[in-house]
Amino acid sequence: LPALSVGNNGNLCLTGGPDVSNLIYYDIEDLYSLGTIYIVNQSSPPTACPPAVGYTGYGFASVNIYKTMTLGGPGVTQPTAAPPAALSINVYNQGSNTGDSVTMTGQANLKAVVTALGSATLGGGGTGGAFYGALIAGSVTDGGTYSVHYDQSLQVASGKLMPMTIRNYNRPKF
């Protein structure tokens, strides 16, 4: 798909497979969203986008983004029962490991497993933004209210020593 831009108060429904063995793959040049993204189940699709209140279906999808991903607004909305592994996102940052690959601002929500070649910035969160799942990136900057959990066993991933460092600390992290 070409670059996708979901405007403020806009909606985008992506269809996901019925289970992790039947992912639906999306290749997107660039993703920028201030609206709401839904991952719906192809086995029980909603009748409209956005899904009606009470729709609890979720799909399994893998999204490959060639450039960058920027989420603001509500972000990716999924039912509570959806596991983080239902959505995997790979951000290639045009093949560069420098610069921002992932940026989340405002009230953006995301429940996914994210791999980013460059850096990730979590700047916002407000009273409703949250990130659940896993994030592997060159560096992670948490400038908002997103909680960050660090798995120390990952510090030797890929044979490289990657210790976590805290550059600026002004509030408790849990």
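Computed quantities for the displayed model
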{"read-out": "Residues that are in a loop (DSSP other than H, G, I, E, B) and either charged (D, E, K, R) or under 22 Å from SER5 (Cα atoms) (or both), drawn from the stretch 33-45", "value": "LEU34, GLY35"}
{"read-out": "Residue count, the stretch 76-108 (criterion: among the small types (Gly, Ala, Ser), buried (at least 22 other Cβ atoms within 10 Å of the Cβ) and modelled with pLDDT of 90 or more)", "value": "3"}
{"read-out": "Candidate set from the stretch 109-161 (those that are among the aromatic types (Phe, Trp, Tyr) and closer than 21 Å to ILE37 by Cβ); member that is modelled with the lowest pLDDT", "value": "TYR146"}
{"read-out": "Residue list for the stretch 58-98, restricted to those being without any contact (Cβ under 8 Å) to a residue 60 or more places away in the chain and on the phi > 0 side of the Ramachandran plot", "value": "GLY75, ASN93, GLN94, GLY95"}
{"read-out": "Selection from the stretch 43-72 of residues that are over 16 Å from THR15 (Cα atoms) and over 13 Å from the mean Cα position of the chain (by Cα)", "value": "VAL53, GLY54, TYR66, LYS67"}
{"read-out": "Strands (runs of 3 or more DSSP E) completely within the stretch 83-144 that count 2 or more residues being of a type outside the set (Asp, Glu) and in contact with a Gly (Cβ under 7 Å, 6 or more places away or on another chain)", "value": "100-106, 109-116, 119-124"}
{"read-out": "Residue count for the stretch 13-56, restricted to those that are crowded, with 16+ Cβ neighbours inside 10 Å, among the aliphatic types (A, V, I, L, M) and more than 21 Å from PRO74 (Cα to Cα)", "value": "2"}
{"read-out": "Tally, over the stretch 110-124, of residues that are over 14 Å from ASN64 (Cα atoms), surrounded by fewer than 22 Cβ atoms within 10 Å (Cβ to Cβ) and within 13 Å of the chain's Cα centre (by Cα)", "value": "1"}
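The values are calculated or read from the model by the stated rules, or taken from the named source; none is laboratory data. Please read these numbers as outputs of a predicted model, since none were measured by experiment. Here the Cβ is made from the backbone with ideal geometry for all residues, glycine too, and neighbour counts use every protein chain on show.
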